[in-house]
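Reviewing the structure listed below.
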Amino acid sequence: MDKLEPVDNPVDKSIVIAPSILYYGTPITLISTINALGEANISPISSSWALGDRVVLGFSLDAQGFLNLQENRECVINVASPENLDGIGKIADTTGRNPPSSVGREYRFESDKFALGGFTKLESDRVTPPRIAECKLQLEARVLAIHELSGDCGCAAVETQVIRVHAHADIVVPGTNHIDPQKWHPLFYVFRHYFSTGERLGKNSWAEI
């Protein structure tokens, strides 16, 4: 077979790259969990996705939040917004694991991330871990399954089922169960930079409002 020569394709404007991470634009969530002593922990994560009433969370296997989920199997998925960025920065380099595990970067142990980040605990209705009052969207959830990823990833996908949703009144369409996407602006993690949403560009045929 003759060797194929590169073809100059005017339609293909892409180039091949090898980024170190693939956080191409995922929401920041603060996962509150409870350890064996009943102490609350906050894990900021940037890997999650939702389908129906299920939310899948991406965790490092040696994270204290993951260890808590293995044992307690309950959490609150507190979805962050730009107003929470300062608190996230204060707890970003901390861990609830003592002593800290070696995960490729330096973390310091912090027993009370709520106090350090300036976050307020709210009692949940159906799970043990507390909600974060400053987060405008709070999802109480239970763990259904834990899937350890193959190879040397050192990560797991935690499948949860949301059993109660709390939302600040100012992002809810009055008299409905709908979040107003023009008032709710989640915080996104885009290749290790923080962004939020802008003006609405359109909607699909499934939009309810």
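The values are calculated or read from the model by the stated rules, or taken from the named source; none is laboratory data. Since the model is a prediction, treat every value here as computed from it, not as a measurement. Glycine also receives a Cβ, built like all others from the backbone with ideal geometry; neighbour counts cover every protein chain displayed. When the accessible area is computed, the model is the full protein with side chains, heavy atoms only, and any ligands, DNA or RNA have been set aside. Shrake-Rupley method; radii C 1.70, N 1.55, O 1.52, S 1.80 Å.
Quick check on the chain: helices-only [θ] at 222 nm, where DSSP H runs of length 4 and up contribute -39,500 (n - 2.57) each and the sum goes over total residues. Nearest 500, please. The partial results should precede the final answer.
Details: 3 runs with 21 residues, N = 209.
Value at 222 nm, helices only, nearest 500: -2500 deg cm²/dmol.
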Next item on the list: Report the residue, chosen from 96, 38, 25, that carries the largest GNM mean-square fluctuation when the chain is represented by alpha-carbon nodes joined by springs under 10 Å.
Entry: 38
Note to self: Rounded to the nearest percent, how much of the accessible area of segment 23-81 (1.4 Å probe, protein heavy atoms only) is carbon and sulfur?
What the structure shows: 55
Note to self: Tell me which of 29, 65, 18 sits at the most positive position along the dipole axis of segment 14-105, charges placed on C-beta atoms (Lys, Arg +1; Asp, Glu -1).
What the structure shows: 18
Notebook entry, point to check: aspartates and glutamates within cross-link reach of residue 183: Cα-Cα under 12 Å, excluding same-chain residues under 8 positions apart?
Noted result: 170, 199
Note to self: For residue 165, what accessible surface area do you get with a 1.4 Å probe? Give it in Å², rounded to 10.
What the structure shows: 90
Note to self: Please list 29, 128, 197 from largest to smallest accessible area, probe radius 1.4 Å, with all protein chains kept in place.
What the structure shows: 128, 197, 29
Note to self: From Cα pairs below 8 angstrom and at least 6 apart in sequence, can you work out the relative contact order of the chain, rounded to a whole percent?
What the structure shows: 22
Note to self: Leaving out ligands and nucleic acids, and using a 1.4 Å probe, what accessible area per residue does the chain come to in Å²?
What the structure shows: 63
Item checked: Exposure ranking of 83, 140, 123 by accessible area [1.4 Å probe, largest first] -> 123, 83, 140
Check: Using 7 Å Cα-to-Cβ label points, what is the residue 123/residue 177 separation (nm, one decimal)?
Finding: 2.5
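Under the 0.36 nm per residue contour assumption, what length would be gained going from the current alpha-carbon distance of residue 24 and residue 92 to full extension? Don't skip to the answer; put the middle values down first.
Working: separation 68, 0.36 × 68 = 24.48 nm, distance 1.93 nm.
Value of the extension gain: 22.6 nm.
How high is the FRET efficiency between residue 170 and residue 54 when r is their beta carbon distance and R₀ equals 22 Å, given to the nearest 0.05? Could you put the intermediate results ahead of the total?
Details: r = 27 Å, r/R0 = 1.23.
Given R0 = 22 Å and the Cβ-Cβ separation, E is 0.25.
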Margin query: If you filter segment 51-105 for trypsin sites (Lys or Arg not before Pro), then keep DSSP loop positions with at most 14 other Cβ within 10 Å, what is left?
Written below: 105
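Going through segment 142-204, which GluC sites (Glu not before Pro) have at most 12 other Cβ atoms within 10 Å and a DSSP loop state?
On the way: sites: 148, 159, 199; in loops: 199.
For GluC sites (Glu not before Pro) across segment 142-204 that sit outside H, G, I, E and B with at most 12 neighbouring Cβ atoms in 10 Å, the list reads 199.
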Next item on the list: For residue 121, go through the lysines and keep the ones whose alpha-carbon is under 21 Å away, minus same-chain ones fewer than eight residues off.
Entry: 90, 113, 136
Notebook entry, point to check: Compactness ratio of segment 26-87: Cα Rg over 2.2 N^0.38 Å, N = residue count?
Noted result: 1.11
Check: Between residue 197 and residue 12, what FRET efficiency comes out of the Förster formula 1/(1 + (r/R0)^6) with R0 = 25 Å and r the beta carbon distance, rounded to 0.05?
Finding: 0.25
Checklist line | Candidate residues 53, 8: accessible-area rank, largest first, probe 1.4 Å | finding: 8, 53
